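Inspection log for the structure reproduced underneath, given as structure tokens.
The values are calculated or read from the model by the stated rules, or taken from the named source; none is laboratory data. Please read all numbers here as calculations on a predicted model, not as lab measurements. Quick reminder, even Gly has a Cβ in these numbers, built from the backbone with ideal geometry, and neighbours come from all protein chains shown. Only protein heavy atoms, including side chains, enter the accessible area calculation; ligands, DNA and RNA are left aside. Shrake-Rupley method; radii C 1.70, N 1.55, O 1.52, S 1.80 Å.
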Amino acid sequence: MTEAWRPDDDRPRGSLGPVRVKAPAKINLHLGVGPVRPDGFHELNTVYHAISIHDELTARRGDTLTLTMEGEGAGQLALDDSNLVIRAARALAGHAGVPAHARLHLRKRIPLAAGLAGGSADAAAALVACDALWGTGLSRDELAAIAATLGSDVPFLVHGGTALGTGRGEVVSPVLARPTTWHWVVAVADGGLSTPQVYAELDRLRGTATAPTPRGSADALLAALRQRDPRVLAEALGNDLQPAAVSLRPELAEVLKAGRAEGALAGIVSGSGPTCVFLAADGEDAERLAAGLTAAGVCRAAHPAHGPVPGARTS
Ligand code: C5P
């Protein structure tokens with residue numbers, strides 16, 4: 001349990017026991033990519049959506065800052081100061097003026113470099129977990145401000161739900177719609193794609209005669225969400241990075257085709273890929289679709305999921 005700390009307390013500040021935080025993967029229901037900015041980032045107009053595939057971070061008291069990891073992609077990620085989890089813990093400690101002492105353990109289920117923002121989810125989890133462990137008591141907005149220094153998607157993963165992202169993606173405002181659960185199938189590919197390479201490929205495609213038209217504002221998607229009908233939402237889903245991801249990994253076109261053949265209402269590449277996500281009419285339909293995609297053998301794994309779900313939270 002996290003104990004609220006007050007200046008007149010002589011109790012130790014923060015939590016003595018382990019703090020467990022679950023952080024969700026994200027998909028982009030709409031990803032409008034604008035021009036490159038002077039800082040090298042692209043101006044975005046995106047609708048983020050947090051889904052029910054989670055990583056779990058456990059934070060324990062320690063004398064130094066350490067990170068261990070199990071699950072998806074363990075052994076493929078450096079666990080040193082280059083890791084986003086360690087950078088998040090250090091950023092929070094620096095902001096709050098506390099020593100960055102914790103033993104962090106990550107159980108990964110979100111695949112790496114998949115377009116599902118797994119690394120950003122882990123950074124959001126580290127901020128929430130260390131805030132509770134150290135009793136630094138920051139608000140979600142304060143944590144999101146630190147998150148923005150770590151990566152474009154990290155502030156959204158502190159908040160979760162469904163939200164509009166602008167700027168380079170770090171300016172997040174919640175989408176206030178009547179609660180609706182959407183059902184998805186997440187088709188995970190073998191191997192990852194590098195986000196900077198996918199953006200660079202989009203820039204290259206935009207310089208060619210067959211440049212894809214930018215989709216711009218998210219208004220149509222936001223209007224579709226308000227109708228609460230998956231068939232209407234299916235028509236509005238779209239991702240400007242999709243042609244770039246498919247150009248780098250042509251087999252993704254087969255995955256998208258297979259999803260439609262199995263009865264998905266729509267399919268898009270998730271973020272910078274290579275994961276593809278499919279919209280299903282309901283939970284049962286998602287189970288059927290996931291089984292069909294698995295049997296078709298076009299992806300490494302296909303998981304049913306739903307959204308929206310909350311951002312990084314203690315569990
Ligand atoms: O912010 P984040 O670390 O997730 O960005 C990773 C890379 O993706 C950036 O270095 C940049 O190449 C690309 N990117 C971009 N425009 C954005 C977000 C990311 O070009 N809005």
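Within region 111-170, can you find the residues that are open to solvent by 30 Å² or more (accessible area, probe 1.4 Å), small (Gly, Ala, Ser) and within 16 Å of the ligand (Cβ to nearest atom)? Correct list: Ala113, Gly119, Ala145.
If you check Arg178 against the conditions, is it open to solvent by 30 Å² or more (accessible area, probe 1.4 Å), within 16 Å of Gly271 (Cβ to Cβ) and of a type in the set (Lys, Arg)? Before the answer, list the steps.
Numbers: open to solvent by 30 Å² or more (accessible area, probe 1.4 Å): yes; within 16 Å of Gly271 (Cβ to Cβ): no; of a type in the set (Lys, Arg): yes.
Here the answer is no, as Arg178 does not meet what is asked.
When region 195-214 is limited to residues that are free of Cβ contacts under 8 Å to residues at least 12 places away in the same chain and hydroxyl-bearing (Ser, Thr, Tyr), the one that is farthest from the ligand (Cβ to nearest atom) turns out to be Thr210. Kindly state which strands (runs of 3 or more DSSP E) lie completely within region 256-315 and contain at least 2 residues that are touching a residue at least 12 places away in the same chain (Cβ under 8 Å) and either under 12 Å from Trp182 (Cα atoms) or open to solvent by 70 Å² or more (accessible area, probe 1.4 Å) (or both). Output list reads 276-280, 301-307.
Filtering region 122-151 to residues that are out of contact with any Phe, Trp or Tyr (no Cβ under 7 Å at 6 or more places or on another chain) and not in a helix (DSSP H, G or I) leaves Thr136, Leu138, Ser139, Thr149, Leu150, Gly151.
How many residues are closer than 23 Å to Ala114 by Cβ and of a type in the set (S, T, N, Q) when one looks only at region 54-75?
Kept after step one, since they are closer than 23 Å to Ala114 by Cβ, are these residues of region 54-75: 54-58, 67-75.
Narrowing the set further to residues that are of a type in the set (S, T, N, Q) leaves 58, 68.
Of the residues in region 54-75, 2 are closer than 23 Å to Ala114 by Cβ and of a type in the set (S, T, N, Q).
Mind listing just one residue for me: the one in region 41-64 that is in contact with a helix residue (DSSP H, G or I) (Cβ under 8 Å, 6 or more places away or on another chain) and within 13 Å of Thr162 (Cα to Cα) and, of those, nearest to the ligand (Cβ to nearest atom)? Ranking the candidates gives Tyr48 first.
Might you let me know whether region 229-240 holds any residue that is within 16 Å of the ligand (Cβ to nearest atom), at pLDDT 95 or above and under 19 Å from Leu256 (Cα atoms)? Yes, there is a match, as at least one residue in region 229-240 is within 16 Å of the ligand (Cβ to nearest atom), at pLDDT 95 or above and under 19 Å from Leu256 (Cα atoms).
Here region 121-139 is the region considered, the condition is being out of contact with any helix residue (DSSP H, G or I) (no Cβ under 6 Å at 6 or more places or on another chain) and touching a residue at least 60 places away in the same chain (Cβ under 8 Å), and the residue that is nearest to His49 (Cα to Cα) is Ala125. For the subset of region 32-66 comprising residues that are more than 29 Å from Leu176 (Cβ to Cβ) and among the polar types (S, T, N, Q), which member is surrounded by the fewest Cβ atoms within 10 Å (Cβ to Cβ)? Across region 32-66, the extreme among qualifying residues is Thr64. Only residues that are touching a helix residue (DSSP H, G or I) at 6+ places or on another chain (Cβ under 8 Å) and in a helix (DSSP H, G or I) were counted in region 88-106, giving 7.
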